[in-house]
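Heads up: the structure comes next, in structure tokens.
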Amino acid sequence: MFNDSLMIELDFSTELTPAQRFEEFNSRNPQVYQALEDMAHQLVRRGRRKIGINMLLEVLRWNYYMKTDDPNSEFKINNNYAPYYSRLLIERNPSWANVFELRTIRSK
């Protein structure tokens, strides 16, 4: 499901908005989006009508940790990226518009 290669760490020393941080993270780590989309497809095919993006992120974290025995590798996905991932999933899969609950993003 998920490529075990290390994710690219980002340098947040510059003043980026949360949306810009997400865009940079997503462009450098497309395997994260792909894994989230794969999991969501599985759930939708099984009849799930509501999916929590945070649940998917935690499952992704769990699966990654279960697949690695390298104590020096870390798998980090900022929880602030969750609303951006849910919007991206809906944008690329419009039929999921009611599957993910969207809330207002306070800081853009």
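The rows are residues; the columns are (1) at pLDDT 85 or above; (2) in a helix (DSSP H, G or I); (3) among the β-branched types (Val, Ile, Thr).
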residue	(1), (2), (3)
PHE2	no, no, no
ARG21	yes, yes, no
ASN26	yes, yes, no
VAL32	yes, yes, yes
ARG49	yes, no, no
ASN54	yes, yes, no
GLU58	yes, yes, no
TYR65	no, yes, no
ARG87	yes, yes, no
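Could you give me the residue pairs with C-beta distances under 9 Å whose first residue belongs to the stretch 20-39 and is under 17 Å from TRP62 (Cα atoms), whose second residue is aromatic (Phe, Trp, Tyr) and in a helix (DSSP H, G or I) wherever it lies, and which are 6+ apart or on separate chains?
That search, which allows pairs on different chains as well, returns VAL32/PHE25; VAL32/TYR81; VAL32/TYR85; TYR33/TYR85; ALA35/TYR64; LEU36/TYR85.
Considering only residues that are open to solvent by less than 30 Å² (accessible area, probe 1.4 Å) and at pLDDT 70 or above, which ones fall in the stretch 67-83? Steps first, please.
Residues of the stretch 67-83 that are open to solvent by less than 30 Å² (accessible area, probe 1.4 Å), as a first pass: 73, 75, 77, 81-82.
Answer for the stretch 67-83, where residues must be open to solvent by less than 30 Å² (accessible area, probe 1.4 Å) and at pLDDT 70 or above: ILE77, TYR81, ALA82.
So, in the stretch 21-65, of the ones that are charged (D, E, K, R) and under 17 Å from ARG87 (Cα atoms), which residue ends up farthest from the chain's Cα centre (by Cα)? So that I can check it myself, show each step before the final result.
Of the stretch 21-65, the ones charged (D, E, K, R) are 21, 23-24, 28, 37-38, 45-46, 48-50, 58, 61.
After this cut, where a residue has to be under 17 Å from ARG87 (Cα atoms) as well, the list is 21, 23-24, 37-38, 49-50.
Working: ARG21: 13, GLU23: 12, GLU24: 13, GLU37: 9, ASP38: 11, ARG49: 19, LYS50: 16 Å.
Checking each candidate, the answer is ARG49.
The values are calculated or read from the model by the stated rules, or taken from the named source; none is laboratory data. Please read these numbers as outputs of a predicted model, since none were measured by experiment. A quick note on method: Cβ atoms are made from the backbone with ideal geometry, for glycine too, and the neighbour counts reach across all protein chains shown. Accessible surface areas use protein heavy atoms only, side chains included; no ligands, DNA or RNA. Shrake-Rupley method; radii C 1.70, N 1.55, O 1.52, S 1.80 Å.
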